[in-house]
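Colleague: Here it is, the structure in full.
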Amino acid sequence: MNRPPALRAVIADDQALVRTGFGMILAADGIEVTAEAADGAEAVAAVRRTRPDVVLMDIRMPRMDGIEATRRILADSDPTTGLRVVILTTYDLDHYVYAALTAGASGFLLKDVTPEHLVAAVHLVQSGDALLAPAITRRLIERFAHREEARPAALHRDLSDLTPRELEVLRLLATGLSNAELADRLFLSPTTVKTHIGRILSKLDLRDRVQAVVLAYESGLVAPGDPTGNG
């Protein structure tokens, strides 16, 4: 019986101790660390050279920060390859994290994350899920959406290709509802909800539900502070 290939990761952080510690944790779980990077420019080069599955990306680094590195890495990558970027941050809900999410990151981890959570997070995002609970995603977006510092990284998509039902799903998704809650609200099966979300992501060329929530706010489909998702 053939074993599935080991997950491959790049760790980008300007602190050597952080890189070493995270590398040891991942290696203990059988995750291959293909490269380490001390700044964003090194991270971009490492990803191009080693083609990992997941990048753990610090935000504040010399030469090139993690936001610009994330943007370049994901712009270079084919979405079908499944490459995911997870942001490492010291502070919860840092406005830099919002900018990184709009650049395409699939979630964020605090640097004091437990080893078990770190490993679980790498597996989670590599499987295609986003590393943010829906309610946390909404709180983050509401806090920073429409601020001037977020504008350069804003998402722009044409929503006209979405069906009325898909627009409804996107609107409710942006209010922080989970798939199960969406199913209950819309009287649909969880499988049908997943199908709708998959079509939304495909039509709008988005990597995951985090980007879908960002887009819903950036486009005005949902207004910050609106608990109903009625826009």
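Colleague: Evaluate the following for Val18: is it modelled with pLDDT under 95, outside any loop (DSSP other than H, G, I, E, B), of a type in the set (A, V, I, L, M, F, W, C) and within 23 Å of Thr90 (Cβ to Cβ)?
Modeller: So Val18 fits the description; yes.
Colleague: To continue, here is another question. What is the number of the single condition among (1) within 17 Å of Glu218 (Cα to Cα); (2) touching a residue at least 12 places away in the same chain (Cβ under 8 Å); (3) assigned to a helix (DSSP H, G or I) that Leu201 does not meet?
Modeller: (2)
Colleague: Restricting to segment 107-126, name every residue that is open to solvent by 60 Å² or more (accessible area, probe 1.4 Å) and modelled with pLDDT of 85 or more.
Modeller: Residues satisfying the conditions are Asp112, Thr114, Pro115, Glu116, His117, His123.
Colleague: Quickly run through segment 94-106 and pick out the residues that are open to solvent by 10 Å² or more (accessible area, probe 1.4 Å) and not aromatic (Phe, Trp, Tyr).
Modeller: Asp94, His95, Ala99, Ala103, listed by residue number.
Colleague: Take Thr175 and tell me if it is under 22 Å from Thr192 (Cβ atoms), modelled with pLDDT under 90, touching a helix residue (DSSP H, G or I) at 6+ places or on another chain (Cβ under 7 Å) and not in a loop (DSSP other than H, G, I, E, B).
Modeller: No, not satisfied.
Colleague: Separate question: Could you tell me whether segment 79-89 includes any residue that is open to solvent by less than 30 Å² (accessible area, probe 1.4 Å), of a type outside the set (Lys, Arg), more than 24 Å from Met24 (Cα to Cα) and not in a helix (DSSP H, G or I)?
Modeller: No: segment 79-89 contains no residue that is open to solvent by less than 30 Å² (accessible area, probe 1.4 Å), of a type outside the set (Lys, Arg), more than 24 Å from Met24 (Cα to Cα) and not in a helix (DSSP H, G or I).
Colleague: Scan segment 216-223 and give yes if some residue there is closer than 20 Å to Ala99 by Cα, part of a helix (DSSP H, G or I), aliphatic (A, V, I, L, M) and modelled with pLDDT of 85 or more, otherwise no.
Modeller: Yes: one or more hits.
Colleague: Output the qualifying pairs, or none if there are none: Cβ atoms under 6 angstrom, residues six or more apart or on different chains, first residue in segment 19-47 and closer than 22 Å to Ser127 by Cβ, second residue part of a loop (DSSP other than H, G, I, E, B).
Modeller: Gly30/Ala6; Ile31/Leu7; Glu32/Ala6; Thr34/Pro52
The values are calculated or read from the model by the stated rules, or taken from the named source; none is laboratory data. Note that the structure is predicted; figures quoted are calculated from it, not measured. Every residue, glycine as well, gets a Cβ built from its backbone with ideal geometry; the counts of neighbours run over all protein chains shown. Accessible surface areas use protein heavy atoms only, side chains included; no ligands, DNA or RNA. Shrake-Rupley method; radii C 1.70, N 1.55, O 1.52, S 1.80 Å.
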